[in-house]
Amino acid sequence: MNKILIVDDDKFMRMLYDFELSEAGYKVSTIADGSGLMDAIEHERPDLVVLDVKLGEYNGLDLLQEIRNKIYNLPVILCSAYPIYKYDSRTIAADYYVVKNANLEELKLKIKMALEGGGDFNARQGTDGFDRISAAL
């Protein structure tokens, strides 16, 4: 079962993602902001991260860069209510960009594509899945 980490400051969106993605067969964990993102990634060992762009005092695009600097091949899907961010040059580091709405079909499709394209993240990392990542953190 693939693990997905949701990072979104909107409680109701986190609940929606958790319910819908769990129903789709994924193991889901959520966090409300970027303050503990790298710790959550190390602890949860997700196969994919769904990352909001606007996270209160945190900027999802900066967090995306932090992820890429330490764990370059962890699939990340940016998900924002603001389509304008899709044209920000920093979004190129994401695997996909999805505009938020209550219908999660596009997000589910992008999750499936990202997971199929990259295979199992933990298997790509080494014996325990986080050999290099733990050292980098």
*Any idea which residue in region 4-15 is farthest from residue 55 (Cα to Cα), counting only those that are out of contact with any Leu (no Cβ under 6 Å at 6 or more places or on another chain) and surrounded by 17 or more Cβ atoms within 10 Å (Cβ to Cβ)?*
5
*Would region 46-67 turn up any residue that is surrounded by 16 or more Cβ atoms within 10 Å (Cβ to Cβ) and acidic (Asp, Glu)?*
yes
*Which condition number in (1) closer than 16 Å to residue 70 by Cα; (2) touching a residue at least 60 places away in the same chain (Cβ under 8 Å); (3) assigned to a helix (DSSP H, G or I) is the one that residue 13 fails?*
(1)
*Any idea how many residues of region 16-38 are in contact (Cβ under 8 Å) with a residue 12 or more places away in the chain, out of contact with any Phe, Trp or Tyr (no Cβ under 6 Å at 6 or more places or on another chain) and under 19 Å from residue 63 (Cα atoms)?*
7
_Yes/no for residue 22 being touching a helix residue (DSSP H, G or I) at 6+ places or on another chain (Cβ under 8 Å), surrounded by fewer than 19 Cβ atoms within 10 Å (Cβ to Cβ) and farther than 13 Å from residue 79 by Cα_ = no
*Breaking point among (1) among the hydrophobic types (A, V, I, L, M, F, W, C); (2) assigned to a helix (DSSP H, G or I); (3) surrounded by 12 or more Cβ atoms within 10 Å (Cβ to Cβ); (4) at pLDDT 85 or above, for residue 98*: (2)
*asked:* Looking for something on the phi > 0 side of the Ramachandran plot, of a type in the set (D, E, K, R) and more than 10 Å from the chain's Cα centre (by Cα) - is there at least one such residue anywhere in region 20-32?
replied: no
_Residue ranges of strands (runs of 3 or more DSSP E) in region 24-88 with at least 1 members hydroxyl-bearing (Ser, Thr, Tyr) and within 21 Å of residue 100 (Cα to Cα)_ = 27-31, 76-80
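The values are calculated or read from the model by the stated rules, or taken from the named source; none is laboratory data. Note that the structure is predicted; figures quoted are calculated from it, not measured. So basically every Cβ, Gly included, is an ideal-geometry build from the backbone, and we count neighbours across all protein chains shown.
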